[in-house]
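Structure first, then comments.
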Amino acid sequence: MPRVEDMPENVDICLKFCGTCPTYPGVLGESLFCARGKSSAPKPKQGCNCPQCDVQKKYGCTGMFYCIEGPCE
Ligand code: SF4
Ligand code: SF4
């Protein structure tokens, strides 16, 4: 089970970090990969902003590249 709650407040925070990430897939409607799981069209790894993200900290996650590897569990 993903531990991150899928809610608008977390999406807003996510878009500040995933939205400026070079690995961000940019698929319409996709974000909050730490809760919802991997992208339908992931890009090759070019860095990840998740370690700086407030959602990550709030839920005690320590991973990276959730858009490629799936949710924080
Ligand atoms: S940890 Fe990563 S995927 Fe999760 S909200 Fe933050 S930037 Fe988005
Ligand atoms: S999950 Fe990490 S690698 Fe993927 S777009 Fe968000 S910040 Fe970038």
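Every number in this text was worked out from the coordinates using simple rules, so none of it is lab data. A quick note: this is a predicted structure, and the numbers were derived from the prediction, not measured. No Cβ is skipped: glycine too gets one built from the backbone with ideal geometry, and neighbour counts run over all protein chains shown.
Determine the dipole magnitude for region 8-69: charges of +1 sit on the beta-carbon of Lys and Arg, -1 on that of Asp and Glu, nothing else is charged, the reference point is the Cα centre, and the result goes in debye to the nearest 20. Please report the intermediate quantities before stating the final value.
Values: 7 positive and 5 negative charges, 31 e Å.
Dipole of region 8-69, to the nearest 20 debye: 140 debye.
Per-residue Karplus couplings for region 61-73, computed as 6.51 cos²θ - 1.76 cosθ + 1.60 with θ equal to phi - 60°, are listed in order as 7, 10, x, 8, 6, 4, 5, 10, 9, x, x, 6, 10 Hz, Gly and Pro entered as x. Compute the long axis of helix 8-17 from its Cα atoms, compare it with the longest principal axis of the Cα atoms of the chain, and write down the angle in degrees, 0 to 90, nearest 10. Roughly 50 degrees, rounded to the nearest 10. The length gained by stretching the chain between Glu69 and Lys45 to full extension, at 0.36 nm per residue less their Cα-Cα distance, is 7.6 nm.
Comparing Cα centroids, region 22-57 and region 1-16 end up 11 angstrom apart. Which residue, Val11, Val27, Val55, tops the fluctuation ranking in a GNM of the chain built on C-alpha contacts under 10 Å? The residue that fluctuates most here is Val27. Between amide H atoms placed 1.01 Å from N, distances below 5 Å from Phe65 occur with Cys50, all of them 5 or more places distant or on a separate chain. Take every pair of alpha-carbon atoms less than 8 Å apart whose residues are at least six positions apart; their mean separation over the length of region 8-69 yields a relative contact order of 38 percent.
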